Amino acid sequence: MRQKRAKAYRKLMALYSMSFGFRQPYQVLVDSEMCKAATELKIELAKQLNSVLQGDVKPMITQCCIHELYLLGKTQQPAVDLAKTFERRKCNHREPIPGEECLTSVVGETNKHRYVVATQSQPLRVKLRSIPAVPIVHVNRSVMVLEPPSDATIRSKEHTEEQALHPTGSEKQVLAGPSTSTEPPRKKKGPKGPNPLSVKKKKVDSTPKPPAKDKGKGKEKPTVGVRDAAVGEKRKRDEIDDREKVASSEQQVGDAQQDEPKRKKKRRRKAVDSTAVAAESTSIPS
């Protein structure tokens with residue numbers, strides 16, 4: 001294939017991919033007429049489809065098209081053998097119908113499964129041109145050709161591009177909601193504060209403070225609450241000791257006062273006894 005033609009085909013498939021969602025491997029529906037033309041012209045159908053569509057392809061055929069080849073007799077046995085190598089596409093027709101009607105029903109009105117149709121039937125190609133987004137491939141003098149997009153395809157492409165430019169319903173609600181409902185509140189003008197550049201900064205003492213001496217290194221200092229509790233208990237103990245000392249001293253003074261008259265009586269008794277003994281000694285004659 002020439003480089004100019006390959007470039008044009010590449011642009012066409014890019015259009016189908018960007019606008020209608022075609023992806024590789026492309027699903028190619030082949031009819032009975034294309035199988036006959038490929039065997040007669042000795043064309044490698046799968047290889048030619050790869051080069052024309054500029055990507056991987058997956059050839060497919062319906063049961064109705066194969067039935068048409070069987071009806072042609074043994075003369076078209078090579079075409080039947082070629083058709084059997086393709087993937088079978090279920091058309092859901094209990095009784096076989098003509099291949100053109102079968103492919104038209106499979107493609108549908110919108111080609112939602114993104115099929116590429118390879119056919120030699122002129123009436124079928126006319127029908128498919130009225131359906132948007134249907135790439136058509138045919139053989140012209142032993143050369144496989146990809147047809148340019150139809151008018152229906154171009155109109156559908158322009159419509160989708162125009163819709164993409166306008167916002168959707170949900171986007172319109174989001175855009176229309178907060179803008180028209182309320183306006184942002186205005187700030188009230190009030191007294192202004194002083195200019196921070198004109199305010200003097202606080203002076204910071206640059207003289208370093210001497211580090212505090214740690215008397216007990218390695219010992220954990222008690223917290224403020226624990227220290228206060230310990231000081232309170234010590235004060236209570238000192239007060240109790242002072243009271244006990246005062247009481248003991250008072251008791252000793254009282255005991256001493258009680259013992260003084262007894263000592264005086266004992267002294268008096270001793271004095272009386274000494275006078276009596278002296279008197280008796282004097283009264284005894286010698």
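Derivation of every value follows stated rules applied to the coordinates shown; laboratory data play no part. All values reported here derive from a predicted model rather than from experimental measurement. As a convention, Cβ positions derive from the backbone with ideal geometry for all residues, glycine included, and neighbour counts pool all protein chains shown.
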Checklist entry - How far apart, in nm, are the 7 Å Cα→Cβ label points at S198 and K90? => result 8.9
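Neighbour counts of other C-beta atoms within 10 Å: give me E33, E40, E250 arranged from fewest to most.
Details: E33 22, E40 13, E250 10.
Ranking E33, E40, E250 by Cβ neighbours within 10 Å, fewest first, gives E250, E40, E33.
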Checklist outcome for this item: Between V116 and residues 5 or more places away or on another chain, the pairs with built amide H atoms under 5 Å apart involve Q27, V28, L29
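For a quick check: sort C64, C35, C91 by the number of other beta carbons within 10 angstrom, fewest at the front.
Details: C64 23, C35 27, C91 18.
Arranged by neighbour count, lowest to highest, C64, C35, C91 become C91, C64, C35.
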Next on the checklist: Which of I131, I240 has the fewest other C-beta atoms within 10 Å, and how do the rest follow up to the most?
Outcome noted: I240, I131
Checklist entry - Using bins 5 angstrom wide from zero, how does P(r) for the range 3-157 break down, in % of all Cα pairs? => result 2, 9, 20, 23, 22, 14, 7, 3, 1, 0
Next on the checklist: Need one number: nm distance between label points at A152 and E109, each 7 Å from Cα along Cα→Cβ, rounded to one decimal.
Outcome noted: 1.1
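Normalised by the residues of the range 57-157, what does the relative contact order come to in percent, with Cα pairs under 8 Å and at least six apart?
On the way: 119 pairs, mean separation 20.3, N = 101.
Value for the range 57-157: 20 percent.
For a 26 Å ceiling on Cα separation, which of these pairs sit above it: K4/K47; K58/K127; K7/K36; K36/K127; K4/K112? Mind showing how you got there, number by number?
Details: K4/K47 19 Å; K58/K127 23 Å; K7/K36 29 Å; K36/K127 21 Å; K4/K112 31 Å.
Long pairs (Cα-Cα over 26 Å): K7/K36; K4/K112.
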Item to check | In nm, spacing of pseudo-spin labels at H166 and I240 (7 Å Cα→C-beta vector) | outcome: 9.7
